[in-house]
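See below for the structure under consideration.
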Amino acid sequence: MSQPRTEGGTASANTNLRAARDHLIANRSDYTHALATFTWPDVGPKFSWAHDWFDAFATDNPNPGLVIVQDGGDARTYSFDEVVRASNQVARWLQQQGVTKGDVVLVMLGNQVELWQTVLAIMKLGAVTVPTTPAAGSLELVDRVERAAATFVVCNDADASKVASLEGSCKVLMTSRWEEVGRLDDSRLPHPGTTPAERLLLYFTSGTTTAPKLVEHTQISYPVGHLSTMYWVGLQPGDVHLNVSSPGWAKHAWSSLFAPWLAEATVMVYAYERFDAGRFLQVLADHEVTTLCAPPTVWRMLINADLSTRPAALRELVAAGEPLNPEVIQQVRTAWGLTIRDGFGQTESTAQVGNTPGSELKIGSMGRPLPGMPVVLVDVLSGEPTRAEGEICLDLAEYPVALMTGYQNDPERDAEAKRGGYYHTGDVATIDDDGYITYVGRTDDVFKASDYKISPFELESALIEHPAVAEAAVVPAPDPVRLAVPKAYVSLAPGYDASRDTALDILAFARDRLAPYQRVRRLEFIDLPKTISGKIRRVDLRAREVDRPAASEEFRDDEFPELRTGR
């Protein structure tokens, strides 16, 4: 393990953060002890993660810090020391362009080395990053620049047309000018003098149910707070960690920046344009990936691929972004002898709940509260803690290090999220006697049918087991007798057609696996609407049920005589 370098930085910040990190790594398989003994480290009055942590271990470190594999298979490896020196040069270039401490910089870059160099450089200057997906459109960029009060934008030349309208309100910096960067001084920069409470990141949420919110994170809430994420993933020094996530979203910072580099692990990036399961599995094998994090969508694609040969170096598999269906976990476990461990967190926080390495895994459960995360379930009516079904919350009695400061320029939403002394995630779950938390659904996704409460996730988990179902989303459909009935919107797997026979087979299949009150009564085949981060927009599907297009084809269970005869 490398020794920290603290020239010009805060030695105690590095020492205390390292001690907390090492404690979690040492107890990676002893959840009970880690939970009881972990405390967030005191990083002192001044702190910069890029300066006090990253530069301290990465300078003169020849180990691979970042590996980027292109779609065609070409790979480029950057040592930790190369990343340090290049980010120092980018920081000096940004200074020349006028970026100073506290400035807000919108960064719209893909999975390219300039992304990591730029984010580190902005930290080293004490400025603020607004990560933004390259998929964002012109109008969205205008909104983000205005709401975040950004004065600089860093992007690729290919996005010039998108940012043309921003020139009057902020300075646009293109990566084509990176040639200038390589000629600048690559030595260590002075400490920016940032305090732990100063802002570091402004994230826009994905907007699955409402307009995107603007989340503020500090110099410690993500950089130090992701110790919980590192523990959940099971990262160790020397690991090669591949995370499937698009730049611009919080999960990219979770597992393609802070968590692996807290562990002094290699960040592995597969910069594909279109996901291909076979090529992806080959990348895992060729580059000896040890730890893999992927969203449920990717895992569902992988189980339809050839899993007969397990990538030999793989040790830890995790999933986040949306709940993972039990059928997917079981298929991967059967094929590889490894268990995908589900976890839960948000843009507003780091990982809150997770199935941790070495712990018993209860299929269907997201796991238990992670070290340092004061998770409690709160009754949605009384607002009091409960051991029954309730909303996943964080107790604010001791404000968690890993939680956002709040929603920017939105005091009403912020107050609502923190009402009653708790941070409210908006997600409902149950908890068992062993502390395992099982996801039920978003507070606005759970609905009643014939006076029974329906959790869409339970029904979707049954549907996804059918080989024809690639993805499914269940919403309430108006019904004159039951007020609402469960309706499934289904995206089909390759090789299946949107026919009456397919609908019948899926409805019959689900009927055999669900209680009578949970029965899927209607089904429609569509391409599921998603946010640009890849999450299903159930809010659009609920709206579609209110005003369903006349041309849409819906299959109803009462229209199938075969179902009435018991098929």
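The values are calculated or read from the model by the stated rules, or taken from the named source; none is laboratory data. Quick caveat, the model's predicted, so the values are computed rather than measured. Note: ideal-geometry Cβ built from the backbone for every residue, glycine included; neighbour counts use all protein chains shown. In case anyone asks, the SASA skips ligands and DNA or RNA and just uses the protein heavy atoms, side chains included. Shrake-Rupley method; radii C 1.70, N 1.55, O 1.52, S 1.80 Å.
Residues in region 484-507 include at least one that is in a helix (DSSP H, G or I), within 31 Å of the chain's Cα centre (by Cα) and not polar (S, T, N, Q).
Looking across region 448-470, the residues that are open to solvent by 20 Å² or more (accessible area, probe 1.4 Å), part of a strand (DSSP E or B) and either in contact with a Pro (Cβ under 9 Å, 6 or more places away or on another chain) or within 25 Å of PRO494 (Cβ to Cβ) (or both) come down to LYS448, ALA470. In this structure, is ALA335 of a type in the set (Gly, Ala, Ser), modelled with pLDDT under 90 and farther than 20 Å from HIS241 by Cβ? Here the answer is no, as ALA335 does not meet what is asked.
Could you please find all residues in region 412-441 being open to solvent by 60 Å² or more (accessible area, probe 1.4 Å) and either under 22 Å from ILE363 (Cα atoms) or touching a residue at least 12 places away in the same chain (Cβ under 8 Å) (or both)? Those that are open to solvent by 60 Å² or more (accessible area, probe 1.4 Å) and either under 22 Å from ILE363 (Cα atoms) or touching a residue at least 12 places away in the same chain (Cβ under 8 Å) (or both): ARG413, ARG419, GLY420, ASP433, ASP434.
Okay, residues lined up against (1) touching a His at 6+ places or on another chain (Cβ under 8 Å); (2) part of a loop (DSSP other than H, G, I, E, B); (3) at positive phi; (4) crowded, with 18+ Cβ neighbours inside 10 Å:
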site	(1), (2), (3), (4)
ALA13	no, no, no, yes
ARG21	no, no, no, yes
LEU35	no, no, no, yes
THR39	no, yes, no, no
LYS46	yes, yes, no, yes
ALA50	no, no, no, yes
ASP55	no, no, no, yes
ASP81	no, no, no, no
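For the structure I just gave you, tell me whether ALA449 is without any contact (Cβ under 8 Å) to a residue 60 or more places away in the chain and over 18 Å from ILE363 (Cβ atoms). Taking the combined requirement at face value, the residue does not satisfy it. Considering the conditions (1) out of contact with any helix residue (DSSP H, G or I) (no Cβ under 7 Å at 6 or more places or on another chain); (2) open to solvent by less than 20 Å² (accessible area, probe 1.4 Å); (3) more than 30 Å from THR132 (Cα to Cα), ILE536 is excluded by exactly one of them, (3). The C-beta contact set for region 312-339 (first residue outside any loop (DSSP other than H, G, I, E, B), second residue hydroxyl-bearing (Ser, Thr, Tyr) and surrounded by fewer than 19 Cβ atoms within 10 Å (Cβ to Cβ), distance under 9 angstrom, 6+ apart or interchain) comprises LEU317/THR339; ILE329/THR339; VAL332/THR339; ARG333/THR339; ALA335/SER308. Against the definition (touching a residue at least 60 places away in the same chain (Cβ under 8 Å), part of a loop (DSSP other than H, G, I, E, B) and in contact with a helix residue (DSSP H, G or I) (Cβ under 6 Å, 6 or more places away or on another chain)), how does GLY364 come out, yes or no? Yes, satisfied. Any residue at all in region 149-172 that's crowded, with 23+ Cβ neighbours inside 10 Å and among the small types (Gly, Ala, Ser)? Checking region 149-172: at least one residue is crowded, with 23+ Cβ neighbours inside 10 Å and among the small types (Gly, Ala, Ser). Checked against the criterion of being surrounded by fewer than 19 Cβ atoms within 10 Å (Cβ to Cβ) and either outside any strand (DSSP E or B) or not charged (D, E, K, R) (or both), the candidates THR100, THR118 yield just one match: THR100. Counting only residues that are among the charged types (D, E, K, R) and modelled with pLDDT of 80 or more, which one in region 549-567 is surrounded by the fewest Cβ atoms within 10 Å (Cβ to Cβ)? Ranking the qualifying residues of region 549-567, first place goes to ASP558. In summary, THR405 fulfils each of the numbered conditions (1) more than 18 Å from TRP232 (Cα to Cα); (2) buried (at least 19 other Cβ atoms within 10 Å of the Cβ); (3) β-branched (Val, Ile, Thr); (4) at pLDDT 95 or above with the single exception of condition (2). Filtering region 127-144 to residues that are open to solvent by less than 10 Å² (accessible area, probe 1.4 Å) and either modelled with pLDDT of 95 or more or hydroxyl-bearing (Ser, Thr, Tyr) (or both) leaves ALA127, VAL128, THR129, VAL130, THR132, THR133. Could you say whether any residue in region 365-379 is out of contact with any strand residue (DSSP E or B) (no Cβ under 7 Å at 6 or more places or on another chain) and either among the β-branched types (Val, Ile, Thr) or under 17 Å from THR443 (Cα atoms) (or both)? No: zero hits. Of all residues in region 221-238, those that are assigned to a loop (DSSP other than H, G, I, E, B) and open to solvent by less than 10 Å² (accessible area, probe 1.4 Å) total 8.
Please tell me if THR77 is among the hydroxyl-bearing types (Ser, Thr, Tyr), at pLDDT 95 or above, open to solvent by 10 Å² or more (accessible area, probe 1.4 Å) and in a strand (DSSP E or B). Spelling it out, THR77 is indeed among the hydroxyl-bearing types (Ser, Thr, Tyr), at pLDDT 95 or above, open to solvent by 10 Å² or more (accessible area, probe 1.4 Å) and in a strand (DSSP E or B). If I filter region 162-181 down to residues being in a helix (DSSP H, G or I) and within 29 Å of the chain's Cα centre (by Cα), which single residue comes out as nearest to GLY137 (Cα to Cα)? Top of the filtered list is LYS162. Selection within region 478-491: residues that are among the hydrophobic types (A, V, I, L, M, F, W, C) and in contact with a strand residue (DSSP E or B) (Cβ under 6 Å, 6 or more places away or on another chain). The member of this set that is surrounded by the fewest Cβ atoms within 10 Å (Cβ to Cβ) is ALA484. Return the total of residues in region 258-303 being within 21 Å of GLY337 (Cα to Cα), of a type in the set (Phe, Trp, Tyr) and either touching a residue at least 40 places away in the same chain (Cβ under 8 Å) or open to solvent by 40 Å² or more (accessible area, probe 1.4 Å) (or both). Final tally of qualifying residues: 1. For ARG333, the conditions (1) of a type in the set (D, E, K, R); (2) open to solvent by less than 20 Å² (accessible area, probe 1.4 Å); (3) more than 19 Å from the chain's Cα centre (by Cα) are fulfilled apart from (2).
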